[in-house]
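Data first, discussion second: the structure below is written as structure tokens.
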Amino acid sequence: MRYFLPGIIWAIVILVLSLVSGPQLPEVGIDYFDKIAHVGVYAVLVILFCWAFARKKRKNKIPSTTLWMIITSSSMYGALMECLQFALTTGRYFEFSDIIANIVGCLIGVFLFNLFKYLSS
């Protein structure tokens, strides 16, 4: 369980950030910053859970079924956050493009995890 704690904490951070009403978020002024942020946040989430599974199994290789489970569950979490954002906040809207950015971030997270693993071996 201790290996999963960073991923769980990061998921809670995502929940809190997703449910903060729109006017409370700072304006950045960079084109598509919102989508870049979604990609980065979900890439980190996936990396943390990949790391947790790798540490738990004490192996360098994570089975592909586990990787797909991480990608799928993280992507579904992102879609749920969009739905909650729409239902529970004011000034925030459901955006399908955010879900796509979340999924892209999940895939990039797996790629980066595997790249780091390859470079460190």
Residue 62 is checked against (1) in contact with a helix residue (DSSP H, G or I) (Cβ under 6 Å, 6 or more places away or on another chain); (2) surrounded by fewer than 19 Cβ atoms within 10 Å (Cβ to Cβ); (3) not in a helix (DSSP H, G or I) and fails just one. What number does that condition carry?
(2)
Matching residues in segment 1-21 - criterion: being at pLDDT below 90, exposed (fewer than 13 other Cβ atoms within 10 Å of the Cβ) and under 23 Å from residue 90 (Cβ atoms)
21
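A quick yes/no check of all residues on (1) touching a residue at least 12 places away in the same chain (Cβ under 8 Å); (2) surrounded by 17 or more Cβ atoms within 10 Å (Cβ to Cβ); (3) in a helix (DSSP H, G or I):
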| residue | (1), (2), (3) |
| --- | --- |
| 71 | yes, yes, yes |
| 79 | yes, no, yes |
| 87 | no, no, yes |
| 92 | yes, yes, no |
| 102 | yes, yes, yes |
| 109 | yes, yes, yes |
| 112 | yes, no, yes |
Can you work out which of the residues in segment 45-59 that are part of a helix (DSSP H, G or I) and surrounded by fewer than 19 Cβ atoms within 10 Å (Cβ to Cβ) is farthest from the chain's Cα centre (by Cα)?
57
Restricting attention to segment 22-54, which residues are at pLDDT 95 or above and of a type in the set (Ser, Thr, Tyr)?
42
Take residue 121 and tell me if it is touching a residue at least 24 places away in the same chain (Cβ under 8 Å) and either in contact with a strand residue (DSSP E or B) (Cβ under 8 Å, 6 or more places away or on another chain) or farther than 22 Å from residue 5 by Cβ (or both).
yes
Test: residue 35 is among the charged types (D, E, K, R), in contact with a helix residue (DSSP H, G or I) (Cβ under 6 Å, 6 or more places away or on another chain) and closer than 22 Å to residue 1 by Cβ
no
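The values are calculated or read from the model by the stated rules, or taken from the named source; none is laboratory data. Fair warning: this is a prediction, and the values are worked out from it, not measured in the lab. Here the Cβ is made from the backbone with ideal geometry for all residues, glycine too, and neighbour counts use every protein chain on show.
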